[in-house]
1. Starting at the first residue of segment 214-231, write each ³J(HN,Hα) from the Karplus equation 6.51 cos²θ - 1.76 cosθ + 1.60 with θ = phi - 60°, in whole Hz, x for Gly and Pro.
2. How big is the shadow of the Cα convex hull of the chain, averaged over all directions, in nm²?
3. Working from the alpha-carbon coordinates of segment 132-184, get Rg over Rh, Rh being the Kirkwood radius.
4. Give the value in nm², to one decimal: projected area of the alpha carbon convex hull of segment 138-254, averaged over all directions.
5. Run the numbers for residue 245 and residue 109: contour at 0.36 nm per residue of separation, minus the present Cα-Cα distance, in nm.
6. Could you derive backbone 3J(HN,Hα) for segment 73-79 from the dihedral phi with the Karplus parameters 6.51, -1.76 and 1.60 (θ = phi - 60°), listing whole Hz in sequence and x where the residue is Gly or Pro?
7. Taking only C-alpha pairs under 8 Å that are 6+ residues apart, what is the relative contact order of segment 1-126 in percent?
8. Within segment 93-126, report the chymotrypsin sites (Phe, Trp or Tyr not before Pro) that DSSP leaves as loop and that have at most 15 other Cβ atoms within 10 Å.
Amino acid sequence: MKRFEDKVVIITGGGSGLGRASASQIAKEGAKLVLVDLNKAALEESKSGILSETPSAVVELVEANVAEEKEVEKFVNFTIDKFGKIDGFFNNAGIEGKQNLTEDFGIDEFNRVVNINLNGVFYGMKHVLKEMKKQGFGSIVNTASVGGIRGVGNQSGYAASKHGVVGLTRNSGIEYGQYGISVKAIAPGAIMTPMVEGSLKQIGGDNWEEAGKEFVSVNPMKRFGKPEEVGYLVAFLLSNHADFINATVIPIDGGQSYKY
Ligand code: NAD
């Protein structure tokens, strides 16, 4: 199925994990991609991985920090100058931050996490929605988390930012539906990416793999999710098949967030 033939899709955090897996799937379905990340080497690796799977893929790279509005404006302008439109935007770059009790979380750490995960998502929506409104079409998928719909603990910055992403999604979806634009969020559970590996190392140190087994033992499916499983969901949500899904958040967590 080539749902993205002649479509242009921007993906932030495209150098790793969920961004990279989604880019790979969407490229297979024919999209022209603009991958954005802080990490230039990771971007290059994503591009060469995608080209080895899909030699006909068109992949442009932009090194940018989503927490800087000017840099967000830069990758949006780059995409319009290069391709003339934006069909899909996976507004995904984010970090977990250090785990700590609320009283010890630290103001600087709180601001750092919120700046990237929430302000970054807002800047992305601000600049992309302006273009999509002019075009009269488009789809945005923001990456929230189960930490954006449930309490997890030890994650003040992450929880605040991801709950905020859900709020921004509902707000903008309601504003922009009338212009033919849909805005949705995904709420992944634990998906095995470098970010989750880092998180398990914070919990278990050298025994992080054991900590991982314990972590998924309470999941109804008893395993971590795979990045490509998120890639299939994001491809569907950014495609025209999901145009009437708007202002809502879709969990992808093996059922964990509904478990009593
Ligand atoms: P990851 O660390 O594998 O990839 C994140 C990418 O984002 C990296 O390439 C990193 O360089 C980039 N990035 C970080 N800060 C950036 C910035 N300021 N500007 C531009 N790029 C930046 O992590 P991942 O697991 O793929 O996470 C992607 C998103 O999914 C994040 O928003 C994360 O919070 C969310 N998420 C992940 C999980 C999971 O289990 N993996 C669960 C819920 C939510």
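Just so it is clear, none of the values below were taken in a lab; they were calculated from the coordinates. Given the structure is predicted, the values throughout are model-derived calculations rather than measurements. We place every Cβ from the backbone using ideal geometry, glycine too, and count neighbours over all the protein chains shown.
1. 5, 4, 7, 5, 9, 7, x, 9, 6, 7, 6, x, 9, x, 5, 5, 6, x
2. Numbers: hull surface 54.3 nm².
Taking the Cα atoms of the chain, their convex hull projects to 13.6 nm² on average.
3. Details: Rg = 13.2 Å, Rh = 11.8 Å.
Result for segment 132-184 is an Rg/Rh of 1.12.
4. On the way: hull surface 29.6 nm².
That works out to 7.4 nm².
5. Details: separation 136, 0.36 × 136 = 48.96 nm, distance 3.42 nm.
Answer, rounded to one decimal: 45.5 nm.
6. 4, 4, 6, 5, 4, 4, 5
7. Numbers: 207 pairs, mean separation 34.3, N = 126.
Relative contact order here is 27 percent.
8. none
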